[in-house]
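The structure appears right after this line, and notes come after that.
Since every read-out is calculated from the coordinates, none of them should be taken as a lab result. Keep in mind that what you see is a predicted model, and the values were worked out from it rather than measured. So basically every Cβ, Gly included, is an ideal-geometry build from the backbone, and we count neighbours across all protein chains shown.
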Amino acid sequence: MDYYIGQAGIMPDIFWKNTWKENHLLGESHMIKSNMQWEQVRYIASMLYNVNCNKKAQMITPDKLFPLPQDVYLQRGKPKSSKDEMMAFKKLSESKKPQK
């Protein structure tokens, strides 16, 4: 209750009128907005850093400047799928095509 009323900013009377799912979605929306604001700060800070670099090799990406909690979910550098998963998907999609 402290999170939803204190941090997410849901008014107490609205909190008690909402279902648990509605309150959860409002809290999730608050967290996404907060994460996006931090992404903007990091992006602008990396732009300021990169403007002052003399060589391209000195430039950094925003995620290298400072880590954020949501970086764990991005899974950068990890392959999207394995070759076996791709072949299974290809076989499945070909089986769904209409036969001529």
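Could you run the Karplus curve 6.51 cos²θ - 1.76 cosθ + 1.60 with θ = phi - 60° over region 61-68 and give me ³J(HN,Hα) per residue in whole Hz, x for Gly and Pro?
8, x, 5, 7, 5, 7, x, 10
Could you derive backbone 3J(HN,Hα) for region 81-90 from the dihedral phi with the Karplus parameters 6.51, -1.76 and 1.60 (θ = phi - 60°), listing whole Hz in sequence and x where the residue is Gly or Pro?
Each residue of region 81-90 in turn: 7, 8, 5, 5, 5, 5, 5, 5, 5, 4 Hz.
By average Cβ neighbour count within 10 Å, what is the ranking of 16-24, 80-88 from highest down? List each step's numbers first, then the result.
Working: 16-24: 11.8, 80-88: 9.8.
The densest-packed peptide leads the list: 16-24, 80-88.
Pop out the ³J(HN,Hα) list for region 49-58 in order, Karplus 6.51 cos²θ - 1.76 cosθ + 1.60 with θ = phi - 60°, rounded to Hz; leave Gly and Pro as x.
5, 5, 5, 8, 7, 8, 10, 4, 5, 7
Taking a threshold of 30 Å on the Cα-Cα distance, which of the pairs 33/56; 56/90; 56/78; 64/91 fall above it?
Details: 33/56 32 Å; 56/90 40 Å; 56/78 25 Å; 64/91 39 Å.
Checking Cα-Cα distances, 33/56; 56/90; 64/91 exceed 30 Å.
How big is the Cα convex hull of the chain in projection, averaged over all directions, in nm²? Could you put the intermediate results ahead of the total?
Values: hull surface 51.3 nm².
So the Cα hull casts an average projection of 12.8 nm².
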